[in-house]
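> Sending over a structure as structure tokens; questions will come in a sec.
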Amino acid sequence: DTAVSQTPKYLVTQMGNDKSIKCEQNLGHDTMYWYKQDSKKFLKIMFSYNNKELIINETVPNRFSPKSPDKAHLNLHINSLELGDSAVYFCASRPLSGNTIYFGEGSWLTVV
Amino acid sequence: KQEVTQIPAALSVPEGENLVLNCSFTDSAIYNLQWFRQDPGKGLTSLLLIQSSQREQTSGRLNASLDKSSGRSTLYIAASQPGDSATYLCAVLNDYKLSFGAGTTVTVRA
């Protein structure tokens, strides 16, 4: 069983479209994250949720909206996609009392 | 704000040589430091995790040290093999988030 799973793994879409990437963790963790890896391979945090509450929002454009329906899920919705949104998006989770972060396998988004 | 720097950005060595990858961070109030491996077009593979109270961790040919007071970690890979070719990322955990370096891309020549 995959601990942190993301769908879709690959997504190619046109500029201006709206798309979502879903993330689910079956580890019972309280905290979930979204990270973005740009073309230079640099990984930067975008958002963090703790038990469905937003705790970190790292200066991400308003076109990006995370949604956490329950603590096992953190979805990323992106409006009006731009070429610069092309990247790999990684979901991750961590238990509240622990300090090991577990990553999903990534979602490759290409905007054309 | 935590900043993580990895030197060198790229490294090319002949097979059998030992690898030394460096990582430095600006805020020493960390919970842990983690080394990841990333192959082209793939996700992140966790290699070693060092808790803030530890000085080093070892797994097979890999050894990672941590000097929290000076904000440094070093990953040693002994007797490198072509299969070790990948990008190695250093990340530190503090303030509820993991901050990454830009990575060191390693090429091991057969």
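The values are calculated or read from the model by the stated rules, or taken from the named source; none is laboratory data. Because the structure is predicted, anything quoted here is derived from the model rather than measured. Positions of Cβ are generated from backbone atoms using ideal geometry, with glycine treated the same way; all protein chains shown enter the neighbour counts.
> Could you grab me the full set of residues in segment B:67-110 that are of a type in the set (A, V, I, L, M, F, W, C), surrounded by 21 or more Cβ atoms within 10 Å (Cβ to Cβ) and more than 14 Å from chain A (Cβ to nearest Cβ)?
The answer is B:LEU75, B:ILE77.
> Could you give every pair whose Cβ atoms fall below 6 Å, whose first residue belongs to segment A:87-112 and is facing chain B (nearest Cβ under 8 Å), and whose second residue is among the basic types (Lys, Arg) and not in a loop (DSSP other than H, G, I, E, B), counting only separations of at least 6 or pairs across chains?
If the second residue must be among the basic types (Lys, Arg) and not in a loop (DSSP other than H, G, I, E, B), the pairs left are A:ILE101/A:ARG94.
> If A:ILE55 passes every condition in (1) of a type in the set (A, V, I, L, M, F, W, C); (2) within 15 Å of A:GLN6 (Cβ to Cβ); (3) within 11 Å of another protein chain (Cβ to nearest Cβ) but one, which one does it miss?
All conditions pass for A:ILE55, except number (2).
> Does B:GLN34 satisfy the condition of being touching a residue at least 60 places away in the same chain (Cβ under 8 Å), of a type outside the set (Gly, Ala, Ser), under 30 Å from A:THR7 (Cα atoms) and within 14 Å of another protein chain (Cβ to nearest Cβ)?
yes
> Can I ask one more? For B:ALA29, work out the one condition from (1) aliphatic (A, V, I, L, M); (2) surrounded by 16 or more Cβ atoms within 10 Å (Cβ to Cβ); (3) part of a loop (DSSP other than H, G, I, E, B) it doesn't fulfil.
The number of the failed condition is (2).
> Still on this structure, please answer the following. Look through A:LYS22, A:LYS41, A:LYS52 and report the one residue that is at pLDDT 90 or above and among the charged types (D, E, K, R).
Only one candidate passes the filter, namely A:LYS22.
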